[in-house]
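Data first, discussion second: the structure below is written as structure tokens.
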Amino acid sequence: MQCNRRSFLKLAGAGAVGLSLGQLGVDLTPVEAYAAQLKIDGAKEIFTVCPFCSVSCNAIGYVKDGKLVNTEGDPDYPVNEGSLCAKGAAMFTMTTSEHRVKKPLYRAPYSDKWEEKSWEWVMDRIARRVKETRDKDFILKDEHGNTVNRLESMFLLGTSHADNEECALAHQAMRGLGVVHMDHQARI
Amino acid sequence: MTNHWIDIKNADSILIMGSNAAEHHPISFKWVLRAKDAGATVMHVDPKFSRTSARSDFHVPLRSGTDIAFLGGMIHYILESGSYFKKYVAEYTNAGLVVGKEYGFQDGLFTGYDPKTRLYDKSKWNFELDENGVPLRDVTLQHPRCVFQLMRRHYERYSLDKVSATTGVSKENLRRVYETFAATGKPDKAGTVMYALGWTQHTVGVQNIRSAAIIQLLLGNIGVAGGGINALRGEPNVQGSTDHTLLYHIIPGYMAMPHNGWQTYEEYIKANTPVSHDPLSANWWQHKPKYFASLLKAWYGENATRENEFCYELLPKIEKGEDYSYMFLFDRMYQNKIRGGIIIGLNPMNSVPNTNKVRKALDNLDWLVTAELHHSETTDNWRRPGVDPKKNKTEVFLLPSAHRLEKEGSVTNSGRWLLWHYQAIKPGYEARNFGQMFVDMLNRVRNLYAKDGGVLPEALLKLDWPQSYDAEEVCRRINGHFTRDTEIKGKLYKKGQQVPSFTALADDGSTSSLNWLYAGSYTEEDGNKSKRRSAEQTPMQAKIGLYPNWSWCWPVNRRILYNRASVDEQGRPFNPAKAVIEWKNGKWVGDVPDGGWPPLATGKGRNPFIMSRHGYGQIFGPGRQDGPFSEHYEPVETPVNSNLFSGQLSSPCYKSVSSEMDLLAPPADPRFPIVLTTYNVTEHWCGGGETRNVPNLLETEPQLYVEISPELAKEKGIKNGEGVIIESIRGRVEAIAMVTVRMRPLKVHGRIVHEIGMPFCFGWTTPGTGDSTNRLTPSVGDPNTTIPEYKASCVNIRKADKLTELAT
Amino acid sequence: MHTRTSAQLRTDSVRSSLQRLCQERPAYQQLADVFAPLLECAELLREELAPTCPALPPHAQTLKGQGIPLLIGNDLKTWDQALDQSLERMAPVLETLLERPGLEALLRDQMQRSGRTPADLVLPLLQGDEAAIKRLATELEQDRKDRDEPAIDPGRLGFFLHHVLSPVLSTAAAMLPEPATWGDWKEPVCPVCGCLPAFASLSPREPAHTEQIVSGGGRKHLHCGLCGHHWRIRRDACPGCGQADSEQRELLYAQDAARERIEVCRACNGYALCVDLREYDPVPALETVPLALLHLDMVARERGLRPLFRSIWNVLPQD
Amino acid sequence: MPKTFFIDTSRCTACRGCQIACKEWHELPANKTTQFGWGSHQNPQDLNSFNYKLVRFSEHLDGDVIRWNFFPDQCRHCVSPPCKQVGDMTHENAIVQDKATGAVLFTEATRQFSEMDFEDIRDACPYNIPRRDPKTGQLTKCTMCIDRVRSGMLPACVKACPTGTMNFGEREDMLKLAAQRLERVRKNFPEAMLADPEDVNVIFLLTDAPENYHDYAVASLAPVRPMDRKSFLAVLGRPLRRIADGLG
């Protein structure tokens, strides 16, 4: 047969070659009126990964006006094939938790309360504490005169909740500071 | 996982041990049940009858901490019954290798043990080499010192009687499991092992898994579809966070952390690059210098040159043999040796053993940075019940962190697949992601050093560090790029272009990569492969559920590790119906093979286990701290005072810390006769920090409970629903008794031993729900990993007079 | 086989689907009245054809790999008898709907004269041969004038032939099993007949295959406008241009009817309609779906969007 | 044609997705629960005016074999509902049976029932389903998500179920599915059965004896109570109808 597949696309919708509903004498006014009064919402589908166990089920989040309105399993991900377990299905509820920490909080020594602070303030203060600790405790050489360049008095714990990119940077940052006490859930 | 989630469906026999997959990896269980639907037998060996047991063909209860006895018995059975895959064992494992004369094993100890240091001299376990440095090998497996014969002798002691008396499993049940699983020793059958924290959280955790490795090698189940040893990793990205190494003892790509004994780059390379003289051994780690140099280039950028040893000097060096894991960290903190630190996305005040001590240790910090979604027992430790905040000196920061849906980036699933998640919504309130926090924090520290100077500022200032956090950009850095124009296989790559694979990495400074295993994941040709969502597959791949075009997996998109062991020396699959790879018309088809060499019969092939020095599957594993074969030792806290297999009661090498708060009950202590195991509950996530804050989930599992058998309840006069006190030598915990037939009394050493189980998801920040179960558990750990023994400790239980931690 | 086959998807009847539609949206009454006879007739005919209708040949992997639909190169002669039956059964309603009485008779005369069979008449639809349909219309023109019947324009003729061919191919396509693998068909045309899809759907939940977990459904399929075959496509990409950037894709839906959505691709400015079958109980007769979603076509067109797949339902008066 | 639930307990893993989805759809608040005095995974302990759906847990030893049964309890939407028959004697049509779906619905008019009336209604129910909101006096139970069903959607619990336990559809289809599943499940559980399939529109498939699930798993388990006139009359209707069906 002399046919090539591209020729199909010419006959868009086969039966509809040049024919429209109007030509069939159908009155579309009622449907048009109906369509005109509809309130239309818009949403986006964002593909994400369930944040619980390491099956890492893929999920689709429906986002409307910047807010998550629903989640469902990703049917294309060959592992979960659209399914989610009960906890995965509760992902949505968990993201709307009212109990979230909302702002950077600071608890001063000997204080009995949290205080809200700006990011600028806390990050500046943290950087100073890190430097102060490093400068005070950094070990350049061990007792045998070996170069060790390490900081034992500061540590990092966590976390397997972090993305690969976050972990890679956290590791680099800690080794740059000389930190050797570093650990997380992999050892739990 | 050596294999991946979907591959479970290919198994003919599934041994779930040390895992409650149906409750904790529910979707993985879909693949278990698919195998079951196709005729596989599913067996669950676990102290507690759970929803996994309910959906398995049968459940076998065993006493916590006796897995090696159970598995040793299986090894013995496989050897005695001759059900091992003979060709595979002879050709592909180190069963035929001859071990040196110094090796020996007597009364529970291997040769080379030093009781003072509690360490072995592992050189006593070396293989015997010929004049070319190639190990002596007897493929007939008859040499008296070959691994096969040593193994036979080693596991001869694991008779049904002794195993049954140790584990509490009836001989009938033992036989049932052994026979069923050993039946996969045929070339066209596969059995898989699924384990989780039930195996790792023991002082013999690594040897539990080694036992499974020996079994799987004997049965020819490694490298095949439906086989393998599959760790169901617990946490959301614990595979990725291990690969990218939030750990002290390694650096990204599973390379050793430099220690004070390796003062120069050359010393490091020499000590860490294995040499093999066997032409059939791929000895993949011979390439380590390329990976290490590329990592240093990625860390220090232009500042790292061959001349300055890629800034090796600036790296911290740990003290050789020292342990910096959290168990030891908290001990040092308790001893006031730690000044400050960062805890993100982790709740150690609930999830670390001997929590009473750990909580006190945290009080000793000058400063603490935390980053979480919710307040936790860790962030608010300074105001925990029974302490006066006014006496606590610690300056605490609590940073609101963004969760998964609020950021983009990649995670790695248990099957080593990279998966990109897109940002769905903006972070709630003022939350930021961890990447932003670390980038910002370090930039501020760098600025301070640039401005004010300080100790060794160059270690920070020479870092190639981004100005702001961009996950996509870091993802590119992880893959790595060329630092100068380079030609690879006739193709010219410009400076700055992405490396196509780890085979392009070099040790001359021409390449940079944050993790060699991930090289090939983000290339010039195909972009960010963690975003690939194509279901395309060949019919051969479709048969075993291989999706090579969906995302990408390390290494080099190989979905089933050691897959060269699934074919014979001609490259023909042992099981043609479920072929993983096949040599066809001069090339490999199917999965990405472990190296592109042709089959062994061509003379140009390589032994299939390319990551081990000699290329063989390691039945004999001389690299472990606690012996080349697994051996049953009792948990550190044990209800019995003898070990039926040797005079060595508990592991001679287990790790521990020793403060006045680190008490251990002596063996068979009448004060603590009951075995405690701990676990998760389906409705709550790990320490419960997230799920306790969801009212409808809290309604379904509202309070800390302890599951006890009706027999024990009767003995103790405890009724269902009553408040009880559980006590170990370290602490006491209140819980509500849940009397259930799902916990069975076990007959051990001729008498009844009771086991009880508790979840650890409740904490005082959710009032009335109870508090940390880990106040009971001990700080003792595996000698290889320092993972603590959460799964087996000794306690007692009694009715409570009054309850203060639980709402009534 | 764990996936649903086209034959297994249990749907409501045409009549009851249209009744539900009109109950919910009375504005559709007239449209439903006009098309009900056609859709019901085809429904009945498919049932009648099912026992004897010849099956489709297997789809050669090499052709599939190149994106060539199954029926390409097929002359449809195998189905001549079924097509003849279809012509006979469908003609009366089509003639009424198109207001062209006697069209069947014209066609039959024409066939007799030229020695053609029904398969020859409908073949141009498969071949994308618009010119052939125009030629046929011209040929019929003379007879028509002789009989003093209204003019046969190619549009009406195409529509007529489409609805003769459709029940036959639909019956044959419904016998196909769901493919074991997916992802090997990337063309935005039907892998069976090469026609454009009429709409997309998200698959219903399926209680199947294991004791414990069911699929959450939600797989996206395109439904052929001619043979009714549906084939799986990627959930995350525009079915027209393949764009998978979620920022470029948007879903529009009426506030109280999120299960019917306009899937918009900002990259190509095209749209396709998609129904979420998980949210229906019962699932409406699929051939009524394009009709029932006309208002969404109107909304989309109002917003200046271009239909990815043109059909009679989205060729609006302003075109 | 009435709508019917088919609840295949052989698939249930007690994930409680249905229980939580029901609460979320009906916007019912969480109860304050404790394990104290209770000691079970079954929480809350019983159906109540905030829980129309409850997964019941039950376990026993069958020789050496542990049987752990899960029962997602809810109103059975009886074919001829005794609750309605009793209710109608006091306030006609406070309890209605929807013609199109067969759903038995407690309308707002049930607030008119006295505490005593409520007790009668509850006693009449062989499955012990009706509960009363102590604040408003409204009688509560599963609504079949009638608003969802009327607009052609599945009940919230069915939509949420990840295991295939909860099914919903035309009675004829569900009976067919139930028969298929029963046949298959009987291979492993020869004693498997369907609970009261002729009398109810919520059909449970059980793999174990009904009493090993729940005291009210099937109607015949309901305790024989001293009957007042109303419930006597109500219960009377049932066997008669069965006979009539049998004859028909």
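The values are calculated or read from the model by the stated rules, or taken from the named source; none is laboratory data. Everything numeric here is computed off the predicted structure, so don't read it as measured data. Don't worry about glycine lacking a Cβ; one is built from the backbone with ideal geometry, like all the others, and counts go over all protein chains shown. Heavy atoms of the whole protein, side chains included, go into the accessibility calculation; ligands, DNA and RNA do not. Shrake-Rupley method; radii C 1.70, N 1.55, O 1.52, S 1.80 Å.
Here are a few things to note about the model shown:
- Scanning the range C:276-304 for residues that are out of contact with any helix residue (DSSP H, G or I) (no Cβ under 6 Å at 6 or more places or on another chain), buried (at least 21 other Cβ atoms within 10 Å of the Cβ) and more than 11 Å from chain A (Cβ to nearest Cβ) returns C:277, C:280, C:281, C:286, C:289.
- Strands (runs of 3 or more DSSP E) completely within the range D:1-92 that count 3 or more residues being open to solvent by 10 Å² or more (accessible area, probe 1.4 Å): D:54-62, D:65-73
- With respect to the conditions (1) within 14 Å of chain A (Cβ to nearest Cβ); (2) assigned to a loop (DSSP other than H, G, I, E, B); (3) β-branched (Val, Ile, Thr), residue C:96 lacks only one, and its number is (2).
- Some residue of the range B:712-726 being under 30 Å from the mean Cα position of the chain (by Cα), within 14 Å of chain D (Cβ to nearest Cβ) and surrounded by fewer than 24 Cβ atoms within 10 Å (Cβ to Cβ): no
- Taken over the range A:88-113, the criterion of being more than 7 Å from chain B (Cβ to nearest Cβ) and surrounded by 20 or more Cβ atoms within 10 Å (Cβ to Cβ) is satisfied by A:88, A:89, A:91.
- Residue within the range B:489-498 that is crowded, with 21+ Cβ neighbours inside 10 Å and of a type in the set (A, V, I, L, M) present: no
- Residues of the range B:170-191 satisfying the condition of being within 30 Å of residue B:568 (Cα to Cα) and in a loop (DSSP other than H, G, I, E, B): B:186, B:187, B:188, B:189, B:190
- Scanning the range B:309-367 for residues that are touching a residue at least 60 places away in the same chain (Cβ under 8 Å), more than 12 Å from residue B:788 (Cβ to Cβ), not charged (D, E, K, R) and not in a loop (DSSP other than H, G, I, E, B) yields B:310, B:311, B:314, B:318, B:334, B:344, B:349, B:350, B:356.
- Of the criteria (1) open to solvent by 10 Å² or more (accessible area, probe 1.4 Å); (2) free of Cβ contacts under 8 Å to residues at least 60 places away in the same chain; (3) more than 12 Å from the chain's Cα centre (by Cα), which one residue B:248 fails: (2)
- In the range B:674-706, the residues that are buried (at least 24 other Cβ atoms within 10 Å of the Cβ), in contact with a strand residue (DSSP E or B) (Cβ under 9 Å, 6 or more places away or on another chain) and acidic (Asp, Glu): B:701
- Every listed requirement among (1) surrounded by fewer than 18 Cβ atoms within 10 Å (Cβ to Cβ); (2) outside any helix (DSSP H, G or I); (3) touching a strand residue (DSSP E or B) at 6+ places or on another chain (Cβ under 7 Å) is met by residue B:194 save one, (1).
- Test for residue A:42: is it outside any helix (DSSP H, G or I) and modelled with pLDDT of 90 or more: yes
- Just one residue in the set A:129, A:125 is more than 7 Å from chain B (Cβ to nearest Cβ) and assigned to a helix (DSSP H, G or I); that residue is A:125.
- Of A:103, A:113, all but one fail to be basic (Lys, Arg), under 24 Å from residue B:406 (Cβ atoms), outside any strand (DSSP E or B) and modelled with pLDDT of 95 or more; the exception is A:103.
- Among the residues making up the range C:141-191, those that are in a helix (DSSP H, G or I), in contact (Cβ under 8 Å) with a residue 12 or more places away in the chain and surrounded by fewer than 21 Cβ atoms within 10 Å (Cβ to Cβ) are C:143, C:144, C:147, C:154.
- When the range A:143-188 is filtered for residues that are out of contact with any helix residue (DSSP H, G or I) (no Cβ under 6 Å at 6 or more places or on another chain) and acidic (Asp, Glu), the ones remaining, listed by number, are A:143, A:152, A:163.
- Test: residue in the range B:67-78 that is outside any loop (DSSP other than H, G, I, E, B), open to solvent by 10 Å² or more (accessible area, probe 1.4 Å), under 21 Å from residue B:682 (Cα atoms) and in contact with a helix residue (DSSP H, G or I) (Cβ under 8 Å, 6 or more places away or on another chain): no
- The strands (runs of 3 or more DSSP E) found wholly in the range B:581-682 and carrying at least 1 residues that are small (Gly, Ala, Ser) and at pLDDT 95 or above occupy B:587-590.
- Candidates D:196, D:208, D:215: the one that is in a loop (DSSP other than H, G, I, E, B), open to solvent by less than 20 Å² (accessible area, probe 1.4 Å), within 30 Å of residue D:62 (Cα to Cα) and modelled with pLDDT of 90 or more is D:208.
- Segments classed as strands (runs of 3 or more DSSP E), wholly inside the range B:384-458, with at least 2 members that are facing chain A (nearest Cβ under 7 Å) and either out of contact with any helix residue (DSSP H, G or I) (no Cβ under 7 Å at 6 or more places or on another chain) or among the aromatic types (Phe, Trp, Tyr) (or both): B:395-400
- Which listed residue is touching an Asp or Glu at 6+ places or on another chain (Cβ under 7 Å), in a loop (DSSP other than H, G, I, E, B) and aliphatic (A, V, I, L, M), from C:244, C:237, C:267, C:272: C:244
- Any chance residue D:176 is of a type in the set (Lys, Arg), on the phi < 0 side of the Ramachandran plot and either outside any helix (DSSP H, G or I) or surrounded by 18 or more Cβ atoms within 10 Å (Cβ to Cβ) (or both): no
- Residue check for residue A:51: at pLDDT below 90 and in contact with a Lys or Arg (Cβ under 6 Å, 6 or more places away or on another chain): yes
Results for (1) in contact (Cβ under 8 Å) with a residue 40 or more places away in the chain; (2) farther than 21 Å from residue C:172 by Cβ, shown as yes or no for each residue.
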{"site": "C:105", "(1), (2)": "no, yes"}
{"site": "C:110", "(1), (2)": "no, yes"}
{"site": "C:115", "(1), (2)": "no, yes"}
{"site": "C:119", "(1), (2)": "yes, no"}
{"site": "C:127", "(1), (2)": "no, no"}
{"site": "C:139", "(1), (2)": "no, yes"}
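- Checking each residue in the range A:140-163 for being in contact with a His (Cβ under 7 Å, 6 or more places away or on another chain), open to solvent by less than 10 Å² (accessible area, probe 1.4 Å) and either in a strand (DSSP E or B) or under 14 Å from residue A:51 (Cβ atoms) (or both) picks out A:155, A:157, A:159, A:160.
- Every residue from the range B:364-378 that is within 11 Å of another protein chain (Cβ to nearest Cβ) and of a type in the set (Asp, Glu): B:366, B:372
- Among the residues of the range B:563-580, the ones that are open to solvent by less than 60 Å² (accessible area, probe 1.4 Å) and not in a helix (DSSP H, G or I) come to 8 in all.
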